[in-house]
Amino acid sequence: MIPEERSNSVGAAQKGLAAKFLALFCLLSAATVTTATATDFKALAEQGYRWVRVNGPYATPNKNDATKLADAKSASTDVELQDKTHAYFLLPGMLVFVLENDSAAGLSRVRASGIVVDLWTETKYLSSEPLKDSYGVTETPDSSGLGHLGSPTPSPSPNVGQGTPLENPLMNPSPNADRSLLENQLMSPSPSPTAH
């Protein structure tokens, strides 16, 4: 073997070893990152988060109505009962935050992402074990929109109690509001029909 050929084969072997080392390093890094960012579902359950087990109109803002839903034999098909109780649909795997438990009635008051009122539902519909939603994902406070709730009660607005009305442009429109909306609509580009 010529010395020049030998140095080429040694160089190639060193490059191959470096590539293998780099690949192994990347795999180990990915495994470390995956385990480091894993969600501690047990800790979430201890904080009061629960995953929904059922699919249907099994939650309502009124505790008495929740009892009616619980007592109904076919709440999922009784549209009149759903309407009277203002029932909200719960979906399997949906994450909720438990605000209150009434163990005597078997009901829990929960907060759900995207719903502006707290809801009452049967405690048996909630699981402390994580469940996957219809997309195969286990919801977390961050992914569901609930965020980490430090306090279950919202804080009041700083303007409340000071005798000043809250500024809401829809409730107290300025005299030029209609005109500015019209001007914005006229100035915004919109597709125009073309004659063929």
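The values are calculated or read from the model by the stated rules, or taken from the named source; none is laboratory data. Just so it is clear, the structure is predicted and the values come from calculations on it, not from any experiment. Please note that ligands, DNA and RNA were not included when accessible areas were found on the heavy atoms of the full protein model with its side chains. Shrake-Rupley method; radii C 1.70, N 1.55, O 1.52, S 1.80 Å.
Which of the residue pairs Lys42/Lys63; Lys73/Lys124; Lys63/Lys84 have a Cα-Cα distance greater than 19 Å in the structure shown?
On the way: Lys42/Lys63 28 Å; Lys73/Lys124 16 Å; Lys63/Lys84 13 Å.
In this structure, Lys42/Lys63 exceed 19 Å between Cα atoms.
What accessible area per residue comes out for segment 30-130, rounded to a whole number of Å², with a 1.4 Å probe? Walk me through the intermediate numbers first.
Details: 5620 Å² over 101 residues.
Value returned for segment 30-130: 56 Å² of accessible area per residue.
Counting only C-alpha contacts under 8 Å and six or more residues apart, can you give the relative contact order of segment 80-153 as a whole percent?
Working: 85 pairs, mean separation 20.7, N = 74.
Averaging sequence separation for qualifying contacts and normalising by length gives 28 percent for segment 80-153.
Residue separation times 0.36 nm, minus the C-alpha to C-alpha distance between Asn101 and Gln47: what's the value?
Numbers: separation 54, 0.36 × 54 = 19.44 nm, distance 1.36 nm.
Length gained, Asn101 through Gln47: 18.1 nm.
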